[in-house]
Amino acid sequence: MIKETLTPPNNNAFNTFLPLRTKDKHYKFCWDTVLGYFVHILYGKSLITGNVDDFKNLCKQRFSTKLDESEFWYVLEKMYFEKESFFEISPELLIFKALKNEVDTNSRKLGDMYVGLLNGLRLESSSINDLNFLEKEIKSEFDSFYVSGKTKVSQKTEPAYLPFLSELFKKDLEFLNKRPHYLLSNFNSVIRLYGFLYISQVALNIKNWASGAPTSKPCFFIVDNEKASDERSQVKNFGYSQLHEYLGYLFPYLFMNEAIQVKGEVKPLWQLFESISEIDVTKLNQFGHNFVEDRMQRKWYNIEQRWLDSSDKKEVLNQLLSLSHAQFDNKKGRLTEYNDTVVKGTLGNILDPFIQRRGRAGQVLTFNQDYIVLLTNLAIGERERLRFHEIIKEFEARGVYFDKQSQQSLIGFYERMGNVERMSDSGDAVYVRKTV
């Protein structure tokens, strides 16, 4: 896992786990392309070579052998292709949103983040039971032409950084795949939700690498129609401000994590720490000396840094991570602006659906009603209903926390929706039904 020969990299960059880079232009994503790219991995189908017009012509040929009146094709064309309604037939057809050789680098890198979270999951073709006979023919043409034989699907070899969240992501996708119409209407929201959950939980776990596999860490939201106030200590201390702080450690730590590992075999920090041997410690001590000397020569530190040899692998790795972070620290280093770009780009382009500015309270993490309904359905899953406190536990398992005030707002929201069974005034006796 540790490189045989360790040399300080000429730049601070990495390509594993998260799509974090140091220029504004790298945070311009096409979310439709990201979705199409993700679909091609999720269903194990090759990226499309032809465009929608090519597919439409194939469908026209297919229907020409089945229709008594050829003019009826133009009715079908208007129904399914004029306004791209064919996307509503099956989640797999969303692959047309990412044509082969047209996936931009930024969108591919973001898509690879989700692929890593999938951790090898491949879904079977979604159900066609709810399709009419015309839609079944269109789906059959898609299957026969684009996905026959062996498909070439890119593979991510790195393990999941957050095994606990990866398992929930896979469970939720399997649940949604059995309900393709609901998945289609919410696919983009699922992607945006798990993009937030993944990045936020990696950030909140990034410094906890010596404690073993990551676990869900408190990250507090409010319902978007609530008022934010400083009196709500959990929201204030474990909400946006905490997340903003921890985001600043992602780039420096993940850079160092990759810099000392063999390319193509990069493990999460917590797994790296577990695997370090006595021989590795000797190599890492020498690398630490070389890294300090290299960065001092490049004048990337404002304050002189020193390396202290140690036989303790925790101390050695901690020093390396601290030295990497010091380059970007606003007092110790001279590369602050680059890490600021990473944090700003992540907040403004990936995490933005869950962030609002609330006057004097500043920035807060919020959930709107659509995301609450989606998350509630995922939490209940294959069950018909759950007690409210069990819903909260399912939320927290995914990294979404609400204080008592927000929990009361949630109960009120569920009651307005009409999907609550209240056995008593106690929260333990409130049952919530899913809406799908």
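The values are calculated or read from the model by the stated rules, or taken from the named source; none is laboratory data. It should be emphasised that the depicted structure is a prediction, and the values quoted were computed from it without experimental measurement. Don't worry about glycine lacking a Cβ; one is built from the backbone with ideal geometry, like all the others, and counts go over all protein chains shown. Quick note on the areas: whole protein, heavy atoms, side chains included, nothing else; ligands and nucleic acids left out. Shrake-Rupley method; radii C 1.70, N 1.55, O 1.52, S 1.80 Å.
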Over its alpha-carbon atoms, segment 287-427 yields an Rg and a Dmax in Å of 23.5, 70
Along the dipole axis of the chain (charges at Cβ: +1 for Lys and Arg, -1 for Asp and Glu; origin at the Cα centre), the most positive-end residue among Gly36, Phe255, Thr16 is Phe255
To the nearest 20 debye, segment 294-415 has a Cα-centred charge dipole, built from +1 on Lys and Arg Cβ and -1 on Asp and Glu Cβ, of 460
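Mind checking the dipole of the chain: about its Cα centre, +1 per Lys or Arg Cβ, -1 per Asp or Glu Cβ, Debye to the nearest 20?
My answer is approximately 780 debye.
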Long-range amide H partners of Gln327, meaning residues 5 or more apart or on another chain whose placed amide H is closer than 5 Å, are none
Against the 2.2 N^0.38 Å rule of thumb, the C-alpha Rg of segment 257-327 sits at a ratio of 1.10
Interchain or sequence-distant (5+) residues whose placed amide H lies within less than 5 Å of the amide H of Gln363 are Arg358
Listed residues Leu94, Leu308, Leu254; largest mean-square fluctuation, Gaussian network over the chain with Cα springs below 10 Å, found at Leu308
Subtracting the Cα-Cα distance of Ser189 and Ser144 from 0.36 nm times their residue separation yields 13.3 nm
Per the rule of 0.36 nm per residue minus the C-alpha distance, extending Asn237 to Lys178 adds in nm 17.3 nm
Relative to the chain, whose Cα atoms define the longest principal axis, helix 31-42 and its Cα axis are tilted in degrees, nearest 10, by 90
Taking r as the C-beta separation of Gln408 and Asn129 and R0 as 60 Å, the FRET efficiency to the nearest 0.05 is 0.90
In whole percents, the bins of 10 Å from zero upward hold the Cα-Cα pairs of segment 1-155 as 9, 33, 28, 17, 8, 4, 1, 0
Taking Cα atoms only, helix 369-380 is inclined relative to the longest principal axis of the chain by an angle, in degrees rounded to 10, of 90
Ranking Gln271, Ser311, Asn330 by how far each Cα lies towards the positive end of the charge dipole of segment 200-344 (+1 on Lys and Arg Cβ, -1 on Asp and Glu Cβ), the top one is Asn330
Quick calc, segment 174-234, dipole around Cα centre from Cβ unit charges on Lys, Arg (+) and Asp, Glu (-), nearest 20 debye, gives 220
Tilt, helix 336-349 to longest principal axis of the chain (alpha-carbon atoms), in degrees rounded to tens, equals 20
Once normalised by the length of segment 31-138, the mean sequence separation of its alpha carbon contacts under 8 Å that are 6 or more apart gives a contact order in percent of 48
Volume per residue (Å³) of the convex hull spanned by the alpha carbons of segment 356-436 is 98
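On average over all directions, what projected area in square nanometres does segment 198-250 have, based on the convex hull of its Cα atoms? All intermediate terms of the calculation are to be shown ahead of the outcome.
On the way: hull surface 16.4 nm².
Convex hull of Cα atoms, orientation-averaged projection: 4.1 nm².
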If amide H atoms are modeled at 1.01 Å from N in the peptide plane, then the residues at a separation of 5 or more from Cys219, or on another chain, having amide H under 5 Å from its own are Tyr401
Ranked output for segments 5-16, 240-251 by mean other Cβ atoms within 10 Å, highest leading, reads 240-251, 5-16
The answer for the chain, accessible area per residue at 1.4 Å probe in Å², is 47
Rg from C-alpha atoms of segment 20-94, normalised by the globular rule of thumb 2.2 N^0.38 Å, equals 1.48
Over all directions, the chain yields a Cα convex hull whose mean projected area in nm² is 24.6
If the chain between Glu415 and Asp294 were fully extended at 0.36 nm per residue, the gain over the current Cα-Cα distance would be 37.4 nm
Percent antiparallel among DSSP beta bridges confined to the chain, rounded to 5, stands at 70
